[in-house]
Amino acid sequence: MKKKSVGITMAVFLLGIFMGAIDSGIVSPARDIIADGLKVSQNASVWVVTIYTLAYAVSMPLMGKLSDKYGRKKVYMVSITLFGLGSLLCGVSDYVNSYTFLLFSRVIEAIGGGGIMPIATAYIGTSFPVEKRGSALGMIGGVYGIATVVGPTLGSGILSIFGDKNWGFLFLVNVPISIIILLMATKLEENTSAQGIKKLDVCGSGVLTILILSLMYGATNLKFYDFANSIKSLDVWPYLLIFIISIPILVWVEKKAEDPVINLSYFTNKEIAITLILSFVVGCGLMATVFIPQFSENILRTPMGSGGYIVTIFAIFVGIAAPLGGKFIDKIGVKKVLLIGMSLVIIGNLYQGYVTTKHPGMVNLIIGLAIMGFGLGFSMGTPINYLMLSLVPDNEATVGQSAVSLIKSIGIAVSPNILINFISDAGRRVPEALQKVMPHVDGMSNIMSNSGGASNVANSMGNASVTNIFSLIKGMAQSQFAALGDKFANNPHMNIDMIEKSYMQSLDGAKDAIETAFQQTMNTGYTKLFLTCAIIALIGLILTAMLNNNLITMKNRRLEKKEKTN
């Protein structure tokens, strides 16, 4: 490939990957704002993210299959077009003022987004010689990693510029980028599979869609802190049952398909099966980064919304490590790079969970972010993509990458529901912790019991943070005293004004204790969250150790021999 062609190719695909990857994170800081603007509940607002993930996961194998049949350039351009159109409609929904329209637009956006990553990886992976493949894929991993973690920061920046009421610009910024990519993509050479056109596996695609949707919807509604009761919910067990039933049906349909959407032989090959499981593990572990902004705010006691900027520091470490990991793959092998990456992820999560939470401060936070960032950079994308490209024929490159991306997306979609439970559980224990440090003055015990006390205060603060918990409690107390003043206005034995003055003075003196109690209680949830992520990474480490280096080396040698012959 000529240098000019290399530059255009990398620009087209890296820009597309950056745009697609950043879209999920960019919505995070605006979810509450969108919910408030469109008058939907907090629970319903989750579907802005969830429905995108669902449609994205379903579309990936389909787009991958279509690109192998009709050409990667053509299908990539179609994917970018759909993504740009969906982004335009998402932006318009701000002014249409329709949540249903927004969700519909997110589906269109996700269908386009589902083709970007697997096609880009397959195109680049099959266009570069084996000795340069790791470095090329390393750049993909670096861009993807940076985009994923910078998304929340960029989202906060856009909202600061255009204002909360104009959240549609979060999506509209994708439109000009999509147009630029399409214009540049016209100069690409077509890159296609040597296989002939076969009948599209419509039945398999349908069953796969049902399987993924049922799993994700059931898992999303499953409350792991109340597993016994939530598993009985009609929003959980019927969908998990459908998922279980769909598995043998999918196997039966795919065995009969002329050109199956998922190659079942992947799961009979030990190396490929491990690679797919590793992609799920990486997807699960990657979602720990979603909680970094809130964790940083709690550790540093900074205002809500400011934690997104801390993610930029994390992004720098990921961005440095990902291309380095690609270069190391070419030198020391993919297995060693993965082992290093998984080990660093384990150490980083344990450091955050047991050091940073016990000794809060910027230094410990950055040390933990650095270790986690390098670990994710070494393991997040490049090694697994490299593994898959090394283990499947070139004419199945896009399908193989689609399978990896699909499994990873399932991990990304399912794991937040598990991890958020640790934070929710800690939040439920906040009232008890506050009760222990809240001041008690004469007459206050009766008043607090009559008005709900600290439990009522804390339970009404779903979005409380370490920096606003005191002001929220103080405001609630003032409101309670105002109400009690009217109630006991004619009671000569109750001097509400005197009690209020005494209590507020005591409350001001307990400000630091209240904030510390909140911080420490929430940190117990983060400790469990990071421990879980460390265990997930440990599973990945064990699986990586089971990989057979000889098989990968043999494949690379065959490719090198083929290239020399040509």
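The values are calculated or read from the model by the stated rules, or taken from the named source; none is laboratory data. Worth saying up front: this structure is predicted, and the values here are computed from it rather than measured. All Cβ positions, glycine included, derive from the backbone under ideal geometry; neighbour counts span all protein chains shown.
The residues listed here are 328, 374, 317; of these, the one that is surrounded by fewer than 24 Cβ atoms within 10 Å (Cβ to Cβ) and farther than 29 Å from residue 520 by Cα is 328. In segment 376-395, the residues that are at pLDDT below 80 form Cβ pairs under 7 Å with partners that are in a loop (DSSP other than H, G, I, E, B), at six or more places apart or across chains, as follows: 395/193; 395/194; 395/195. Among the residues of segment 504-524, those that are more than 15 Å from residue 429 (Cβ to Cβ) and either part of a helix (DSSP H, G or I) or at pLDDT 90 or above (or both) comprise 504, 505, 506, 507, 508, 509, 511, 512, 513, 515.
Okay, residues lined up against (1) touching a helix residue (DSSP H, G or I) at 6+ places or on another chain (Cβ under 7 Å); (2) outside the structural domain of residue 53 (by TED's automatic domain parsing); (3) closer than 23 Å to residue 183 by Cβ; (4) in a helix (DSSP H, G or I):
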position: 73; (1), (2), (3), (4): yes, no, yes, yes
position: 77; (1), (2), (3), (4): yes, no, yes, yes
position: 80; (1), (2), (3), (4): yes, no, yes, yes
position: 87; (1), (2), (3), (4): yes, no, yes, yes
position: 95; (1), (2), (3), (4): no, no, no, yes
position: 115; (1), (2), (3), (4): yes, no, yes, yes
position: 132; (1), (2), (3), (4): no, no, no, yes
position: 135; (1), (2), (3), (4): yes, no, no, yes
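Do you know which residues across segment 74-119 are surrounded by fewer than 19 Cβ atoms within 10 Å (Cβ to Cβ) and of a type in the set (Lys, Arg)? The answer is 74, and nothing else. Highlighted here are the helices (runs of 4 or more DSSP H) found entirely within segment 197-270 that include at least 1 residues which are modelled with pLDDT of 85 or more, over 22 Å from the mean Cα position of the chain (by Cα) and not assigned by TED's automatic domain parsing to the domain that holds residue 413: 202-221, 237-256.
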